[in-house]
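Working notes for the structure below.
The values are calculated or read from the model by the stated rules, or taken from the named source; none is laboratory data. Just so it is clear, the model here is predicted, and its values are computed rather than measured. Here the Cβ positions follow ideal geometry from the backbone for every residue, glycine too, while neighbour counts run over all protein chains shown. Protein only, heavy atoms only, side chains kept; ligands, DNA and RNA dropped before computing areas. Shrake-Rupley method; radii C 1.70, N 1.55, O 1.52, S 1.80 Å.
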Amino acid sequence: EVNDTFCRVLGHSREEVIGHTTLELGLWASLADREHELTQLHATGGIRDREHRFRKRDGAEIVGLMSAERIVIRGAPHALWVVQDITDRALALRALRASEERMRLALRGANAGAWVYSPDPRAAFWSTEFRNLFGFGPEVPCSLDELVARMHPEDRAHTRTHFTQLLRAGEGEF
């Protein structure tokens, strides 16, 4: 069986799919990935959340998050496959990583630092260059208190006031 979303996303008609294997349909962009997942499915009975490239009828590729489980229908073994199209998410993640790498290279080249302040310490960030400029080792937590302590005493009160005003204005993170 096949659902309408499968047909729409991959460009195959229901009639083209029913009774054919993923190999016959050429759905896997990598046959080695297919063989690996089939081996895992037979060994464990199920696989979850594996990212793979799949080929549409027109030859274009999508990135899919795939899960599968062995099932029995009328006494015969089958596999139930579920693939979520995450192509847009994968492309966005790739673009984000490339952007982060460009930023990292620019900061290093300019000998400049970057930081993100947030009231939530888990969201705060100091780049390696920022830490080096202020003399913070990797063990020093990213906090306003740590940063202000390294400032000239005459700048500390103004800096705290400024941060407090920004947080009250609803900026949240900067």
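Taking the criterion of being of a type in the set (A, V, I, L, M, F, W, C) and under 15 Å from L65 (Cα atoms), the residues of the range 9-40 that qualify are V9, L10, L27, W28, A29.
Restricting the range 117-174 to residues that are surrounded by 15 or more Cβ atoms within 10 Å (Cβ to Cβ) and of a type in the set (G, A, S), the residue that is modelled with the highest pLDDT is S127. For the range 115-149, enumerate the residues that are more than 24 Å from R168 (Cβ to Cβ) and either of a type outside the set (S, T, N, Q) or in contact (Cβ under 8 Å) with a residue 60 or more places away in the chain (or both). Across the range 115-149, the qualifying residues are E129, F130, R131, L133, F134, G135, F136, G137, P138, E139, V140.
Applying the condition of being of a type in the set (A, V, I, L, M) and in a helix (DSSP H, G or I) to the range 36-69 and asking which residue is farthest from F6 (Cα to Cα) yields A43. If you filter the range 26-35 down to residues that are in a helix (DSSP H, G or I) and hydrophobic (A, V, I, L, M, F, W, C), you find that the one that is most open to solvent (accessible area, probe 1.4 Å) is L31.
Among the residues of the range 1-25, those identified as assigned to a helix (DSSP H, G or I) and of a type in the set (D, E) are D4, E15, E16, E24.
Going by the structure shown, is T22 open to solvent by 80 Å² or more (accessible area, probe 1.4 Å), farther than 30 Å from T128 by Cα, of a type in the set (S, T, Y) and within 27 Å of the chain's Cα centre (by Cα)? Write out each step before concluding.
Working: open to solvent by 80 Å² or more (accessible area, probe 1.4 Å): no; farther than 30 Å from T128 by Cα: yes; of a type in the set (S, T, Y): yes; within 27 Å of the chain's Cα centre (by Cα): yes.
Against the criterion (open to solvent by 80 Å² or more (accessible area, probe 1.4 Å), farther than 30 Å from T128 by Cα, of a type in the set (S, T, Y) and within 27 Å of the chain's Cα centre (by Cα)), T22 does not qualify.
Could you tell me whether any residue of the range 70-87 is within 19 Å of the chain's Cα centre (by Cα), surrounded by fewer than 11 Cβ atoms within 10 Å (Cβ to Cβ), modelled with pLDDT of 95 or more and more than 20 Å from E1 (Cα to Cα)?
Filtering the range 70-87 for residues within 19 Å of the chain's Cα centre (by Cα) gives 83-87.
This time we only want the ones that are surrounded by fewer than 11 Cβ atoms within 10 Å (Cβ to Cβ), so: none.
Checked against the condition, which is being within 19 Å of the chain's Cα centre (by Cα), surrounded by fewer than 11 Cβ atoms within 10 Å (Cβ to Cβ), modelled with pLDDT of 95 or more and more than 20 Å from E1 (Cα to Cα), the range 70-87 yields no hits at all.
In the range 3-22, the residues that are among the basic types (K, R) form Cβ pairs under 7 Å with partners that are surrounded by 10 or more Cβ atoms within 10 Å (Cβ to Cβ) and part of a loop (DSSP other than H, G, I, E, B), at six or more places apart or across chains, as follows: R14/V2.
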